[in-house]
Amino acid sequence: MKAIAIKDDIYWVGAIDWQRRDFHGYTISPHGTTYNAYLVKDEKITLFDTAPAAFAGELLCRIAQVCDPKSIDYIVANHGEMDHSGALPELVDRIRPEKVFCSPMAAKSLAAHYDVANWPLTVVDLKAPLSLGARHVHFVETRMLHWPDSMVSYIPEDKLLISQDAFGQNIACAQRFADEIDEGLLRSQAARYYANIVLPYSPVTLKAIEGIEKMDLDIDMIAPDHGVLWRGASDVAKIITWYKEFALQKPTNKAVIVYDTMWKSTEAMAQAVASGLDDAGMAVRIMALKANHRSDVMEEVLNAGAVLIGSPTHNNGILPPVAAMLTYMKGLKPKNKIGAAFGSYGWSGESTKIIGEALEDMGFETIPGVKCQFVPKQDTLAACVELGRKVGAALAAKLTA
Ligand code: FEO
């Protein structure tokens, strides 16, 4: 596939990873991803970001459609993570650029990744723009969005914000712009990406958006480092609005029930809890961990008002998939949720306590759960229905408060 002109003399020259499915525990489903890189042809020919090491060849081929790679003067590394910097050693070696620009923190992270002794590594001036000739690049640090070294690059002459990981989505497709693909797919993939990568940094995200708005930057294109680009005022406003919504994590009347089961007792309890939530007018999603990856769950948890987690007691603990789910969820720091635990047991029955404590540890407002010895009979199922109703009533009260 060809390099794509995104503005006059500015080209997408990135790589498409059609087959990628795992991103450090986050399952990309089913769309793969792109590692976007952008080439600006000005007096100083400048490449913004690269790709993983294995994609250096694809990147160089695409660059070669636009210019001789050796004519590149500057490379800007907006972030040190290897999906954007892995190809740097080969590119620096082949291109021998005059400068490799990065943030103050990326000077450290790149040095910790690669042998940079012979690189022309240069920390950007955050106060004065970098002249490329007709264009000027303003660098803005976005620390912890999502690494300490993250920064974005803004080119006012083109009204272009190269936003690095922010505003990205993991979608591998032939199209390069958001307005060329289905909006439902786009929103779900942007939400999935946010829920699984950006969520812990929501306060920083809101501050960064506020900062961009205060600076009153004139932006008519946001070019992230993953997925499709947002062009035109309407799509730029759309993704910023979505991000604010994702970051605020305002609860909705959605309740997500997540569970694993040994002999289907906990599964029967999950169904009964769902029935109670339904009685209370909540929109229920039931997600068995045998059928749903933890990243599918997080996509649903993002705007849920309640999360109910079930596991049988197993070896005085909880089933490993539930433990993994809780560990993953805790790291992503979801906010504004009501939580409850449920589960069956044989003789010791620790699972609801363990889950309940984990939910409290995450700051959830918890409601006492239900446990059941071996197989739930009518009384236990009724208690599960009641649990669903209680959680539903608490969520309804929260939504109207
Ligand atoms: Fe897409 Fe943080 O790298």
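The values are calculated or read from the model by the stated rules, or taken from the named source; none is laboratory data. Fair warning: this is a prediction, and the values are worked out from it, not measured in the lab. All Cβ positions, glycine included, derive from the backbone under ideal geometry; neighbour counts span all protein chains shown. Surface accessibility is based on the protein's heavy atoms, side chains included, excluding ligands, DNA and RNA. Shrake-Rupley method; radii C 1.70, N 1.55, O 1.52, S 1.80 Å.
A compact table of results
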read-out: 0 to 90° range, to nearest 10: angle between helix 351-361 axis and the chain longest Cα axis; value: 40
read-out: Label-point gap, in nm, between Lys353 and Ala283 - each point 7 angstrom along Cα→Cβ; value: 3.8
read-out: Relative contact order [Cα under 8 Å, 6+ residues apart], region 4-248, whole percent; value: 17
read-out: Solvent-accessible heavy-atom area per residue, rounded to whole Å², over region 209-289 at 1.4 Å; value: 41
read-out: Cβ charges +1 (Lys, Arg) and -1 (Asp, Glu), total dipole of the chain, debye; value: 880
read-out: Table column - 3J(HN,Hα) (Hz), region 87-96, Karplus curve with 6.51, -1.76, 1.60, x for Gly and Pro; value: 7, 4, x, 5, 5, 4, 5, 7, 8, 6
read-out: Value of [θ]222 nm, deg cm²/dmol, for the chain, DSSP H segments ≥ 4, -39500 (n - 2.57) each, nearest 500; value: -11000 deg cm²/dmol
read-out: Percent of beta bridges antiparallel (DSSP, region 1-112, rounded to nearest 5); value: 65
read-out: Percent accessible area from carbon and sulfur atoms, the chain, protein chains only, probe 1.4 Å; value: 54
read-out: Separation of the Glu43 and Asp73 label points, Cα + 7 Å toward Cβ, nm; value: 0.7
read-out: DSSP-defined beta bridges in region 254-394 - what % are antiparallel, rounded to 5; value: 10
read-out: Within the chain, longest stretch clear of exposed chymotrypsin sites (Phe, Trp or Tyr not before Pro) (DSSP loop, no more than 16 other Cβ within 10 Å); value: 19-262
read-out: Lys/Arg +1, Asp/Glu -1 at C-beta; the chain dipole; positive extreme among Thr380, Gly363, Ser163; value: Thr380
read-out: Mean separation of Cα contacts under 8 Å, 6 or more apart, over the residue count of region 254-352: relative contact order %; value: 35
read-out: Relative contact order computed over region 98-188 (Cα-Cα under 8 Å; 6+ residues apart), in percent; value: 19
read-out: Rounded tilt (10° steps) of 378-400 against the dominant C-alpha axis of the chain; value: 50
read-out: Range in the chain, longest, excluding exposed trypsin sites (Lys or Arg not before Pro) [loop by DSSP; at most 11 other beta-carbon atoms within 10 Å]; value: 128-289
read-out: Centre separation in Å (Cα based) which lies between region 244-288 and region 178-195; value: 23
read-out: Label-to-label distance, nm, for residues given as Thr27 and Lys335 (7 Å Cα→Cβ offset); value: 2.9
read-out: Residues whose placed amide H lies under 5 Å from that of Thr34, excluding near-sequence neighbours; value: Asp17, Ile171, Gly227
read-out: Antiparallel DSSP beta bridges within the chain, as percent of all bridges there, nearest 5; value: 40
read-out: Degrees separating the helix 183-193 axis from the principal Cα axis of the chain, which is the longest one; value: 80
read-out: Counted charge near Glu141, where neighbours are those whose Cβ lies closer than 14 Å (Asp, Glu -1; Lys, Arg +1); value: +1
read-out: Options Pro69, Trp12, Ile240, ranked by Cα towards positive dipole end of region 4-248, top entry (Cβ charges); value: Ile240
read-out: Residues with amide H under 5 Å from that of Gly86, placed H, sequence gap 5 or more; value: Ala51, Ala53
read-out: Amide H contacts under 5 Å for Val76, placed H, 5+ residues apart; value: Leu47, Phe48, Asp49, Phe101
read-out: Extension reserve of the Leu206-Ala174 stretch, reckoned as 0.36 nm per residue once the Cα distance is removed; value: 8.4 nm
read-out: FRET efficiency, 1/(1 + (r/R0)^6) with R0 45 Å, evaluated for Ala396 and Asn316 via beta carbons; value: 0.80
read-out: FRET efficiency, 1/(1 + (r/R0)^6) with R0 22 Å, evaluated for Ser275 and Gln378 via beta carbons; value: 0.95
